[in-house]
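Only one structure is covered here, and it is reproduced in the block below.
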Amino acid sequence: MVPGVMAPPRAVGILGGMGPAAGADFVRLFVQACTAYLHDHGQPVRDQAFPEHWLVQMPIPDRTQALNGTPPGPQDPAPHMLQGIGRLAALGVRSVAVACNTAHVWHSQLQGLFPQLAILHIAQETAAHLQRQGATRAVVLATAGTYRTGLYDEALRSCGIEPLVPDAAGIEQLMQGIYDGVKQGDLALAAQRFGHVLEGMRRQHGDVPVIMGCTEIPLALPQAPEAQGASLVDPAWILAQALARQAYEAA
């Protein structure tokens, strides 16, 4: 390889559909992350420098409902996610990002069935990012399912970071913002619900990093007046950067 010239990037995959807007937005974040990577490494930003990347956008049953005790069957998201990752594997990708936080509850199952792939873990990538920044506490805004499984709690604590979560009323407002707001296209309602929860958490805990731990929260929260000046952390952006590194650096 010519010194200073990178090897051709490798194909990567994105599993979307949870919800569709978040999957589509993750592709935008990935392209943005690739652009930043090229700039940072002194490489020209041109069409041919971007990795081959595939988005599998398929209807996957609701993850939070499944975690609420829905019996296995047509509404079990795991077989659908496995099917999607199987399609990506057949396309020749070697690394995969899942554009949904709650879906990472099934990460070990997905990774175990596809050992040839590097399936990135959004909570672990986010916790490592905050650890590098020296954070010791972080607010987590997420779905009820994500809270129930301790997805971020485990990842953050393993990096020496204390997770701070809303009370039951706050979680209900987050769920309203996600399901009645973003998923219904009502971003104003979503911003109002998310902003109200964030205001209470900032009043209680001060200015600490705020993890937007559902891929639909960043679509509305940054527009809320209560979010102005907050240290918002977008795990989808962190995951997109990790996927870009996989494309350009993975051996």
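The values are calculated or read from the model by the stated rules, or taken from the named source; none is laboratory data. Quick caveat: nothing in here was measured; it's all calculated off a predicted structure. All Cβ positions, glycine included, derive from the backbone under ideal geometry; neighbour counts span all protein chains shown. SASA here: full protein model, heavy atoms, side chains in, ligands and nucleic acids out. Shrake-Rupley method; radii C 1.70, N 1.55, O 1.52, S 1.80 Å.
Of the residues His129, His104, which single one is free of Cβ contacts under 8 Å to residues at least 60 places away in the same chain and either within 23 Å of Glu216 (Cβ to Cβ) or not β-branched (Val, Ile, Thr) (or both)? Full working, then the answer.
Details: His129 fails: free of Cβ contacts under 8 Å to residues at least 60 places away in the same chain.
Answer to the selection: His104.
On the given criteria, is Gly13 within 18 Å of Leu110 (Cβ to Cβ) and surrounded by 16 or more Cβ atoms within 10 Å (Cβ to Cβ)? Spell out how you get there, then give the answer.
On the way: within 18 Å of Leu110 (Cβ to Cβ): yes; surrounded by 16 or more Cβ atoms within 10 Å (Cβ to Cβ): yes.
Considered against the rule, which asks whether it is within 18 Å of Leu110 (Cβ to Cβ) and surrounded by 16 or more Cβ atoms within 10 Å (Cβ to Cβ), Gly13 comes out as yes.
If you take the residues in region 15-74 that are of a type in the set (Phe, Trp, Tyr) and part of a helix (DSSP H, G or I), which one is nearest to the chain's Cα centre (by Cα)? Outline the logic, then answer.
Filtering region 15-74 down to residues of a type in the set (Phe, Trp, Tyr) leaves 26, 30, 37, 50, 54.
If we keep only those that are part of a helix (DSSP H, G or I) as well, we get 26, 30, 37.
Details: Phe26: 8, Phe30: 11, Tyr37: 19 Å.
Within region 15-74, the match that is nearest to the chain's Cα centre (by Cα) is Phe26.
Quick one: count up the residues across region 150-175 that are crowded, with 17+ Cβ neighbours inside 10 Å and of a type in the set (Ser, Thr, Tyr).
Number satisfying all stated conditions: 1.
With respect to Val93, is the statement that it is of a type in the set (Val, Ile, Thr), touching a strand residue (DSSP E or B) at 6+ places or on another chain (Cβ under 7 Å) and assigned to a loop (DSSP other than H, G, I, E, B) true? Quick ask: steps written out before the conclusion?
Values: of a type in the set (Val, Ile, Thr): yes; touching a strand residue (DSSP E or B) at 6+ places or on another chain (Cβ under 7 Å): yes; assigned to a loop (DSSP other than H, G, I, E, B): yes.
Yes: the conditions hold for Val93.
Looking only at residues in region 127-149 that are modelled with pLDDT of 95 or more and among the charged types (D, E, K, R), which one is least open to solvent (accessible area, probe 1.4 Å)?
Among them, the one singled out is Arg137.
Kindly indicate the residue of region 102-126 that is in contact with a Ser or Thr (Cβ under 8 Å, 6 or more places away or on another chain) and modelled with pLDDT under 95 and also surrounded by the most Cβ atoms within 10 Å (Cβ to Cβ) among those meeting that condition.
Thr102
I'd like the full set of residues that are hydrophobic (A, V, I, L, M, F, W, C) and open to solvent by less than 30 Å² (accessible area, probe 1.4 Å), limited to region 90-101. Lay out the reasoning, then the answer.
From region 90-101, those hydrophobic (A, V, I, L, M, F, W, C) are 90-91, 93, 96-100; that's our starting set.
Scanning region 90-101 gives Val93, Val96, Ala97, Val98, Ala99, Cys100.
I'd like to verify a number: residues in region 224-241 that are surrounded by fewer than 24 Cβ atoms within 10 Å (Cβ to Cβ) and farther than 10 Å from Phe194 by Cα, how many?
To start, the set of residues in region 224-241 that are surrounded by fewer than 24 Cβ atoms within 10 Å (Cβ to Cβ) comprises 224-234, 237-238, 241.
Right, trim to farther than 10 Å from Phe194 by Cα and you get 225, 228-234, 237-238, 241.
Final tally of qualifying residues: 11.
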